[in-house]
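Please read the structure below before turning to the comments.
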Amino acid sequence: METKKQTVEGKREGKKSRGISAFIVILAALVLAELFYYFILGQGGNFEGAPAGSFIWGFEGGEKLHPHNLLGTMYKGGFVVPIILTLLLTVVILSVERFFALSKAKGKGNLINFVYDVKSDLRKGNLTAAEALCAKQKGSVAAIVDAGLKKYKEMEGMNLPKEQKIEEIKAEIEEATALQLPSMQQNLPIIATISTLGTLMGLFGTVLGMIKSFQALGTAGAVDSVALSVGISEALVNTATGIATGALAIISYSYFSGKIDNMTYAIDEMGFALTQTYAETHNS
């Protein structure tokens, strides 16, 4: 009965620790990207012959004006630009969210010291002190270790074969890990997807810019050098923004995956220590 109660509490705790929904983040990033595109990049001051206080999309013929700075060139990239900016903002927001979420999952103190101290208390047979360390550390790792310690104490009072008791301890740690791990990995698949999608969208914007450049070359009469240079600039800006988005996503995913790996290594080490200690200190 007590085990079932602990499992229910663990599930409730897992729900509480869930982070921000990626869908909401993407929608918010899309709105911000659209506002940035139209009201910052689309300001008249970024284009030749447009009033400084106006917006290029607000008057007739404005879309045909040539940009005279980088912001105007980005605006000329078209509908691809808000998409790339949405992906970039999504990576930034989710990275900040994962930083705080994984910091909370790790707990308050140094994880290596926590594992060392708990193992030291286990070798001394002082389970109460080990549980106190878990209560002080907090976080997902401490919650998993605490679940293993409770099962450890429960098995000491059970009339079961020694091997079965050890398996029960292993199963409890695996179950607690299965409850906590999804919350630690939340939103990372989205970041991993953007690492590829951001680069692809940048290349798509590049192709569109090059199409405009070739159209300028294919017009009758003299080559429109201004249109040609604008098209090439759009292509390069889209490429740079897409690559930057993909690179940031890769760095973010690798960094947080490494943090999760460190926590799972600590959990595995504590699981091994619990079962090994029980096997060495109990005859039945």
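The values are calculated or read from the model by the stated rules, or taken from the named source; none is laboratory data. Note that the coordinates shown come from a computational prediction; the quantities given were computed from them, not determined experimentally. When we count neighbours, we look across all protein chains shown, and the Cβ atoms used for this are built from the backbone with ideal geometry, even at glycine.
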- Task: Give just the number: which of (1) out of contact with any Leu (no Cβ under 7 Å at 6 or more places or on another chain); (2) at pLDDT below 95; (3) surrounded by 17 or more Cβ atoms within 10 Å (Cβ to Cβ); (4) not in a loop (DSSP other than H, G, I, E, B) does Met74 not satisfy?
- Result: (1)
- Task: Filter segment 152-178 down to residues that are under 30 Å from Val92 (Cα atoms) and surrounded by fewer than 15 Cβ atoms within 10 Å (Cβ to Cβ), then give me how many there are.
- Result: 1
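Per-residue answers, yes or no, for (1) under 26 Å from Val115 (Cβ atoms); (2) charged (D, E, K, R):
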{"site": "Thr239", "(1), (2)": "no, no"}
{"site": "Ile243", "(1), (2)": "no, no"}
{"site": "Ala247", "(1), (2)": "no, no"}
{"site": "Ile250", "(1), (2)": "no, no"}
{"site": "Lys259", "(1), (2)": "yes, yes"}
{"site": "Thr264", "(1), (2)": "yes, no"}
{"site": "Gln276", "(1), (2)": "yes, no"}
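Quick check on Ala279: is it closer than 30 Å to Gln164 by Cβ and modelled with pLDDT under 90?
Answer is yes for this residue.
Taking the criterion of being modelled with pLDDT of 80 or more and touching a helix residue (DSSP H, G or I) at 6+ places or on another chain (Cβ under 7 Å), would at least one residue in segment 215-225 satisfy it?
First pass over segment 215-225, keeping only residues modelled with pLDDT of 80 or more: none.
There is no residue in segment 215-225 that is modelled with pLDDT of 80 or more and touching a helix residue (DSSP H, G or I) at 6+ places or on another chain (Cβ under 7 Å).
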- Item | Positions within segment 1-54 being among the small types (Gly, Ala, Ser), at pLDDT 85 or above, within 30 Å of Lys138 (Cα to Cα) and assigned to a helix (DSSP H, G or I), in sequence order | Ala22
- Message: So for segment 179-193 (the condition being in a helix (DSSP H, G or I) and more than 30 Å from Leu94 (Cα to Cα)), does at least one residue qualify?
- Response: no
- Message: Testing Leu65 on (1) within 28 Å of Ala235 (Cβ to Cβ); (2) modelled with pLDDT of 90 or more, one condition comes back false. Which one is that?
- Response: (2)
- Message: So Lys108 passes all but one of these: (1) part of a loop (DSSP other than H, G, I, E, B); (2) charged (D, E, K, R); (3) surrounded by fewer than 12 Cβ atoms within 10 Å (Cβ to Cβ). Which condition number does it fail?
- Response: (3)
- Looking at Ile84, is it surrounded by fewer than 20 Cβ atoms within 10 Å (Cβ to Cβ) and either within 22 Å of Ile190 (Cα to Cα) or hydrophobic (A, V, I, L, M, F, W, C) (or both)? no
- Note on the structure: In segment 101-125, residues that are under 20 Å from Lys170 (Cα atoms) and either of a type in the set (Lys, Arg) or touching a Ser or Thr at 6+ places or on another chain (Cβ under 9 Å) (or both) total 5
- Query: From the residues in segment 111-155 that are in a helix (DSSP H, G or I) and among the polar types (S, T, N, Q), which one is farthest from the chain's Cα centre (by Cα)?
  - Reply: Thr128
